[in-house]
Amino acid sequence: MVRIKKLMGAVALVLALTVGATGCGSRGGAATESGSAAKPSDSLVGISMPTQTSERWIADGANVEKSLKDLGYKTDLQFANDDIPTQVSQIENMLTKGAKALIIAAIDGTTLTDVLAKAKDQNVKVIAYDRLINGTPNVDYYTTFDNYTVGVQQATSLLTGLGLLDASGKKVDGKGPFNIELFAGSPDDNNANFFWSGAMDTLKPYMDAGTLKVPSGQTKFEQAAILRWQAPVAQKRMEDIITSAYSSGTKLNGVLSPYDGLSIGIISALTSTGGYAKGSLPVVTGQDAEKGSVKSIVAGEQYSTIFKDTRQLGAQAVKMVDAVLKGQEPETNDTKTYNNKVKVVPAFLLKSVIITKDNYKKELIDSGYYTDADVK
């Protein structure tokens with residue numbers, strides 16, 4: 001009888017262990033159902049881009065979609081043409097189709113709270129792409145460039161073009177004062193504030209010393225901001241400034257422009273209303289290394305741009321999605337900077353490069369980003 005009891009006890013123990021192991025397996029299975037071990041071919045990823053009016057967003061969307069498809073994921077790529085209701089509707093449709101993750105470059109980072117609450121209800125992971133999504137707890141990760149540094153680089157290239165810094169960023173005895181005008185990005189784009197802060201922190205000592213002057217007097221972000229980054233709006237503002245502050249023959253030496261699309265509009269104003277020849281334009285900065293602006297740099301018109309390799313940005317966003325859909329923690333390198341007014345969003349920051357006529361071949365052509373024919 002004692003032996004039988006011992007045997008029955010051993011059987012009970014084995015059964016208990018077996019049930020326990022089965023329980024562990026079902027918890028792993030639950031994780032699989034939420035995406036931790038789901039096959040890429042079973043997962044749809046929504047890609048929401050703001051517009052097709054900028055060549056960079058077209059390239060971003062194509063790069064991200066291709067990289068996800070190469071990993072086996074299904075994709076739904078949409079462009080919202082800078083219309084907020086359209087972007088919200090497109091994201092809602094992605095959720096209806098069963099998207100497991102969303103990669104979103106927001107038009108306005110403050111307008112997606114409701115639709116992202118729906119995403120949270122469906123356990124959909126959200127990656128903010130290049131532009132931070134504000135005012136919601138339902139954004140999981142953010143990938144972008146170091147946007148404050150981008151602003152510093154824009155201002156540094158302006159100072160270099162004016163002869164106040166050398167190519168290495170070292171101060172030199174350039175002659176002043178120089179007249180400059182300031183442009184900022186869209187006030188509904190969180191990045192625009194970082195660009196402006198980095199640039200103004202760099203330029204302010206020169207402005208305080210009188211080395212740089214702003215004849216228009218428009219030195220506040222609100223005065224310099226261009227809603228939706230629209231080139232025609234930038235062109236009109238530049239024309240108005242020329243008419244009001246430079247009609248007496250005052251020479252404009254430089255323009256801080258935060259984006260290539262704006263730079264093209266600014267240059268159009270300078271050559272038409274301003275009467276500047278294309279070979280003797282003020283120093284005009286930019287950002288994104290768009291083909292049109294690189295061509296302008298090669299032609300000796302626009303002075304500089306900031307190259308943000310969107311191949312790297314797209315690859316990082318795809319890595320994040322792949323990780324979260326496999327139940328893993330994505331790599332981040334900044335957990336302090338990007339507070340969206342509800343939470344600090346873990347981010348991965350990439351590095352950018354100043355481009356001028358001196359180094360565009362090395363950075364853009366030799367790296368395979370463009371061919372020589374693309375920018376000639």
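The values are calculated or read from the model by the stated rules, or taken from the named source; none is laboratory data. Just so you know, these numbers come straight off a predicted model, no measurement behind them. In this analysis, Cβ positions are derived from the backbone assuming ideal geometry, glycine residues included, and neighbour counts consider all displayed protein chains. Side chains are part of the model used for accessible areas, which takes the heavy atoms of the whole protein and leaves out ligands, DNA and RNA. Shrake-Rupley method; radii C 1.70, N 1.55, O 1.52, S 1.80 Å.
Okay, here's what the table says:
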{"item": "Residue match in the stretch 306-313 (condition: within 18 Å of LEU162 (Cβ to Cβ), of a type in the set (A, V, I, L, M, F, W, C) and over 22 Å from the mean Cα position of the chain (by Cα))", "result": "no"}
{"item": "Some residue of the stretch 177-192 being closer than 15 Å to VAL284 by Cα and in a helix (DSSP H, G or I)", "result": "no"}
{"item": "Boolean, SER89 is at pLDDT 95 or above, surrounded by fewer than 17 Cβ atoms within 10 Å (Cβ to Cβ), polar (S, T, N, Q) and over 30 Å from GLY368 (Cβ atoms)", "result": "yes"}
{"item": "Within the stretch 297-317, considering residues that are small (Gly, Ala, Ser) and farther than 27 Å from LEU281 by Cβ, the one most open to solvent (accessible area, probe 1.4 Å)", "result": "ALA315"}
{"item": "Residue match in the stretch 168-190 (condition: open to solvent by 30 Å² or more (accessible area, probe 1.4 Å) and either under 14 Å from the mean Cα position of the chain (by Cα) or closer than 30 Å to LEU68 by Cβ (or both))", "result": "no"}
{"item": "Close pairs (8 angstrom Cβ cut-off, 6 or more residues apart or separate chains): open to solvent by less than 30 Å² (accessible area, probe 1.4 Å) and of a type in the set (Gly, Ala, Ser) in the stretch 123-149, modelled with pLDDT of 95 or more and part of a strand (DSSP E or B) anywhere", "result": "ALA128/ILE104; ALA128/TYR141; ALA128/TYR142; ALA128/THR143; ALA128/THR144"}
{"item": "Subset of the stretch 151-201 [small (Gly, Ala, Ser) and farther than 25 Å from GLU222 by Cβ]", "result": "GLY161, GLY163, ALA167, SER168, GLY169, GLY174, GLY176"}
{"item": "Scan of the stretch 109-141 for residues that are modelled with pLDDT of 95 or more, touching an Asp or Glu at 6+ places or on another chain (Cβ under 8 Å), within 25 Å of ARG56 (Cα to Cα) and not β-branched (Val, Ile, Thr), ordered by number", "result": "LYS125, TYR129, ASP130, ARG131"}
{"item": "Selected residue (only one of ALA80, ALA117 is buried (at least 22 other Cβ atoms within 10 Å of the Cβ) and of a type in the set (Gly, Ala, Ser))", "result": "ALA80"}
{"item": "Identity of the residue in the stretch 223-268, open to solvent by less than 10 Å² (accessible area, probe 1.4 Å) and more than 21 Å from SER296 (Cα to Cα), that ends up nearest to the chain's Cα centre (by Cα)", "result": "ILE226"}
{"item": "Pair list, Cβ < 6 Å and 6+ apart or interchain, from the stretch 158-186 residues that are of a type in the set (S, T, N, Q) to residues that are not in a loop (DSSP other than H, G, I, E, B)", "result": "ASN179/LYS213; SER186/ALA192; SER186/LEU227; SER186/ARG228; SER186/TRP229"}
{"item": "Filter result (outside any loop (DSSP other than H, G, I, E, B) and closer than 17 Å to LEU262 by Cβ) within the stretch 292-315", "result": "GLY292, SER293, VAL294, LYS295, SER296, ILE297, THR305, ILE306, PHE307"}
{"item": "Residue in the stretch 269-291 that is surrounded by the fewest Cβ atoms within 10 Å (Cβ to Cβ), counting only those that are among the charged types (D, E, K, R) and not in a helix (DSSP H, G or I)", "result": "GLU290"}
{"item": "Single condition ASP82 does not satisfy, out of (1) more than 16 Å from the chain's Cα centre (by Cα); (2) at positive phi; (3) not polar (S, T, N, Q)", "result": "(1)"}
{"item": "Selection from the stretch 45-58 of residues that are of a type in the set (A, V, I, L, M) and surrounded by fewer than 18 Cβ atoms within 10 Å (Cβ to Cβ)", "result": "ILE58"}
{"item": "LYS74 within 24 Å of ALA289 (Cα to Cα), modelled with pLDDT of 95 or more, open to solvent by 50 Å² or more (accessible area, probe 1.4 Å) and basic (Lys, Arg)", "result": "no"}
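Per-residue answers, yes or no, for (1) in contact (Cβ under 8 Å) with a residue 24 or more places away in the chain; (2) open to solvent by 50 Å² or more (accessible area, probe 1.4 Å); (3) outside any loop (DSSP other than H, G, I, E, B):
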| site | (1), (2), (3) |
| --- | --- |
| LYS319 | no, yes, yes |
| ALA323 | no, no, yes |
| GLU329 | no, yes, no |
| ASP358 | yes, yes, no |
| GLU363 | yes, no, yes |
